[in-house]
Structure formats: structure tokens, C-alpha cells
């Protein structure tokens, strides 16, 4: 479904502070499965997630979605593709302060032009599904970490994208809240969505959620484990 | 040099236009040599990114250049009183050797710029940018033209001297004149008049068929181009004398003056707009890229509507002036 061919990302190329965040990554991500990008801080997980989701353009290589090259797409098409295909869950939640939870969830659907009432109904349903129905009118700064992450997941689902990209979804949460989030993600997998999770939280890899693990270090792919054939190496999770 | 605000504006605008298009032309050369979308190399990705920047630069340059034709004609007309013997823009343009060539180059630049803008508009609507290479090939024509235009304008305005005795339009379009424009002046009305309407009518009909049934788009584009040439010939051959009500006054530039009711400022914008939109409609109708299957016909239809409206208004205005004229030739 998603294929990366010789992808690299260099920040500040040609300058003193040139930094190669991702180098020569070639891999494919299958539809309907949960793939985890694992590695210490600075290993390139977030950048790779951005490259997969079209948030960042590669400095070299190609990213293909269902055979179509998306790395060279003009911005207008890339924006539409991001909106329709990918739901993003960010490490820092990226909810907009002073807006209600409901408004935050509805926001990515506004540019689609769908009727406001339809968007609102879907947003309320999604908030119910993640257990935040009662908090719909609350401002996002009043939410706890777990609630904020669940609101972010509801927001990622508002446009019904087939692919969810989650960057350290359990990073700021205790074990109980982390398990809640992982249960929500497992439910999304059961409903046929493709999940790509960047994480170095051992809890993520202890569950049955992850089917495939891609270990990264210094922007390169070290190993690719398939859960059914290769046991998890939890030591690789430590930063 | 004669320091006129409009002349200075033209020099500035044409220089900016030439600079922008020269830079874009150099990029186009590099791009056409190294372009390979099958490869995700660093160089290819850098080219892909820069195409967006260069295209924006070209759009701005061309939008700046489109009104220059009207401003140049107006400036030449307004400068006529500075030169002994000049009665209209023709006298000013003949005040040195560079005026008329500048006008021809500007004319060609106008239609090429319009064509490029149509291609660009379509190209940015296709996810795979199917017209990218065609667009950049056309830039290789536009860039030298913009440089030539700027050079000619600098030579023309820089070389103008107020004491020069120049020729009036009668020397170009009068009975004693020689050359293509003199041949046009001598074209009998009995031929030119039916030819004008016989060209305009099928052009409008092709446009109407295209709008109604989506067919004959390219034919409409070609007829719009042909109609432009015939209309210019008709203006010189029979239409101008009817406006002036003088059988030997064939100048197409005196139409721009107040004593003739600024007829040219009504007719020429309609003709140029109709022709540019008609050519653009033909161009868009001929695009067969899969990613533009919906967008190309939509843009072609929008342009055809503009072209048909402008050319119909042009035909109506010509008919009105002919009906009002007291001249019998």
C-alpha cells in the first residue's frame, strides 16, 4: 500500500548544521496491518512518519501510495491526499487551545465542504467511541493527558482515513492511560485500518497490537521483524 | 530619450519581465536536459521543487507583460505631438528603427504569454502535472522574446529624439505606400468585407458548437487565430476608412484617438481578448492527459464562452460603426 524507495531526508543541506534525519530507507507498509517504527530518540521515527504521511517531502527517493508517487505531488493534491488518506496523532497532541474538544475534532473536516451537521454528528459519535462524549463542550486545555490523546485520536478519524499515523501515542501517559489508548488503536485495527506507530515505549510492544516492527537507528533501518516469526527484542526499545 | 512616465513604466516592466523570464528560461534549459521523473535522485527532487517556484515567477512576469501591449500603443499615440510629422502612434513608432519591431514582438509575446498561462492553469490542475514539459519548452520561446522586447523598448525609448521629423500614418497605409500593409490598404472592400464576416461567422458558430456539444474545440481555436489575421486586415482595408469617413485613410492606430470616438479602445481589447481566449480554448480542448479529463474541457468551455462573447461583441461593434458611417466606397 505504502512504499518507500531509497528515501532520505536531510535538514539544512549544504550548511554547517546539515543533518541527515533519514537515510536510504526502502520499505513497504501493508494495508490493514499495524507497523511500528522503533528506535531511540533521534533515530528518525518522527521524520519517517512525516515522510510516509506527506507532511515532509523527501530530499531523495520516492514515496508511493498504492503505486502513485506522492513525494512529487503539487501541494494542493498533497493536502487533499493527507486529508483523505491519513489521520495523524501527534506526540504533543497538537490540539488548538481555547477551542472546545468538539471543535478540535471537527476542524480537519471543515475544508472538505461536507455539511456542518454531518460533521458534528460524526465528531460526537467519535468522541463517544473514545469515551469523551461528556467532555465535548470542554476546552481542550482542561483535559488530562489521556483525554487529550483520545481527543487527538477522534480528530484523526474525523475524515475516515484508511491510514492512522501515530507518533509516540503513549509518551506522556501512565500505564493505565497508555493501555486505554492502545485498546482504542487495537479497535481501529480490528476495523481494518492501517496503523503506523512510532514509539519507543516497551508497553506498545508488549501487547498483541503490533504486527511488524521496523527498528531504526541514526535514520537507517536496522531490522524488520514480523511478529508472527520473530520474537520482540524489548531491549531495542530503550532510548 | 523622452522621459514619459508611461515610457519609464514600460521600460521597468519589460526589464523585470525579461529578468524573470531569462532566469526561468535558463532553468527550463537545465530542467529539460536533466528531467527524469522515474528517478528519485536529489537532483531530480530539487528540480521538481524548483518548478513550482519558477512557475510562480513566470506567472507574475507574464501577468505584468499582458497589459504592456495596450500601454505601449497608448504611449506611442500620446507621444505623437512630440515629433514633427507624427499624427498618431504610427508616427511615434517610426521615429526610429525600433518602434515597429518592438510592437510586433510585443504582439507575439502577448499571445504566447496567454497560451503559457492556459497551459500552466491546466498543468496545476493535474496531480501528475502532465503539461510540465510542454510548459517549459514554451518558455524557451518566451524567454528570448521577453529579452528581445526589453532590448527593443530600451533601444526605442532610449533613441527617441524630439527634433526628429517622422512620417505620418499615410506613408505606411496610404496609396503611395509599399509593403504588406500597403497591399492590405489596397484590398477592395468588396473582397475584404465579405471575407471578414465569412471568417467571423464560422468562428462564432464553431465556438457555439463547442459550447453546446463539446466538439470542434480545436477547430474553434484555429478559426479564432485566422479570424484575428482577417480582422486586422479588414480594419486596414475597409473598416478604418468607414470610421474616418475618408476613403484613403486606412490607419489602424488613428482609431485610438478622441476625434474618432476612441473606437479602437473598444474594438482592439475585444478582438485581442476574444482571440487569446479562443486560442486558449483550442489549446485546452486539445489536451488529452488522463489526469485532466475533467478539468481540460471545463477550462476550454470557460475560455470559449469568453471568446465567443468578446468576438460577438467585436462583430456587433464593427457592424454598428459600419451602419453609422456615411462613407460609400
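Summary table
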| quantity | calculated |
| --- | --- |
| Residues of the stretch A:41-62 that turn out to be more than 14 Å from chain B (Cβ to nearest Cβ) and assigned to a loop (DSSP other than H, G, I, E, B), as a count | 6 |
| Condition met for residue B:232 (within 16 Å of residue B:317 (Cβ to Cβ), modelled with pLDDT of 95 or more and not in a loop (DSSP other than H, G, I, E, B)) | no |
| Positions within the stretch A:114-130 being within 20 Å of the chain's Cα centre (by Cα) and over 28 Å from residue A:78 (Cα atoms), in sequence order | A:129, A:130 |
| Unmet requirement for residue B:36, which otherwise passes all of (1) away from every other protein chain (no Cβ under 14 Å); (2) surrounded by fewer than 19 Cβ atoms within 10 Å (Cβ to Cβ) | (1) |
| Failed condition for residue B:259, given (1) surrounded by 15 or more Cβ atoms within 10 Å (Cβ to Cβ); (2) more than 20 Å from the chain's Cα centre (by Cα); (3) not in a loop (DSSP other than H, G, I, E, B) | (1) |
| Any hit, the stretch B:116-125, residues being under 23 Å from residue B:300 (Cα atoms) and more than 26 Å from the chain's Cα centre (by Cα) | no |
| Members of the stretch B:270-326 found to be outside any helix (DSSP H, G or I), farther than 25 Å from residue B:123 by Cα and in contact with a helix residue (DSSP H, G or I) (Cβ under 6 Å, 6 or more places away or on another chain), listed by number | B:325 |
| Residue list for the stretch A:120-134, restricted to those being surrounded by fewer than 20 Cβ atoms within 10 Å (Cβ to Cβ) and at negative phi | A:120, A:121, A:122, A:124, A:125, A:128, A:129, A:133, A:134 |
| Any chance residue B:152 is assigned to a helix (DSSP H, G or I) and surrounded by 17 or more Cβ atoms within 10 Å (Cβ to Cβ) | yes |
| Strands (runs of 3 or more DSSP E) lying entirely in the stretch A:139-239 (those with 1 or more residues that are within 15 Å of the chain's Cα centre (by Cα) and at pLDDT 90 or above) | A:163-167, A:194-199, A:212-217 |
| Tabulated pairs, the stretch A:4-24, first in contact (Cβ under 8 Å) with a residue 24 or more places away in the chain, second loosely packed, with under 13 Cβ neighbours inside 10 Å and in a strand (DSSP E or B), C-beta under 9 angstrom, 6+ apart or interchain | A:4/A:26; A:4/A:28; A:5/A:26; A:6/A:26; A:7/A:26 |
| When residues of the stretch B:114-132 are limited to those that are touching a helix residue (DSSP H, G or I) at 6+ places or on another chain (Cβ under 7 Å) and outside any helix (DSSP H, G or I), the one surrounded by the most Cβ atoms within 10 Å (Cβ to Cβ) | B:131 |
| Any hit, the stretch A:78-88, residues being in contact with a strand residue (DSSP E or B) (Cβ under 7 Å, 6 or more places away or on another chain) and in a loop (DSSP other than H, G, I, E, B) | no |
| Leading residue by the ranking (nearest to residue A:8 (Cα to Cα)) among those in the stretch B:43-82 that are surrounded by 15 or more Cβ atoms within 10 Å (Cβ to Cβ) and facing chain A (nearest Cβ under 9 Å) | B:45 |
| Criterion (more than 11 Å from every other protein chain (Cβ to nearest Cβ) and either touching a helix residue (DSSP H, G or I) at 6+ places or on another chain (Cβ under 7 Å) or farther than 27 Å from residue A:170 by Cα (or both)) met by exactly one of A:38, A:82, A:23 | A:38 |
| Any hit, the stretch B:102-120, residues being within 14 Å of chain A (Cβ to nearest Cβ) and in contact (Cβ under 8 Å) with a residue 40 or more places away in the chain | yes |
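Results for (1) closer than 24 Å to residue A:157 by Cα; (2) under 18 Å from the mean Cα position of the chain (by Cα); (3) at pLDDT 95 or above, shown as yes or no for each residue.
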{"position": "A:48", "(1), (2), (3)": "yes, yes, yes"}
{"position": "A:73", "(1), (2), (3)": "yes, no, no"}
{"position": "A:94", "(1), (2), (3)": "yes, yes, no"}
{"position": "A:100", "(1), (2), (3)": "yes, no, yes"}
{"position": "A:112", "(1), (2), (3)": "yes, no, no"}
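The values are calculated or read from the model by the stated rules, or taken from the named source; none is laboratory data. Owing to the predicted nature of the structure, the values given are computational and were not obtained by experimental measurement. Backbone-built Cβ (ideal geometry, glycine too); neighbour counts: all protein chains shown.
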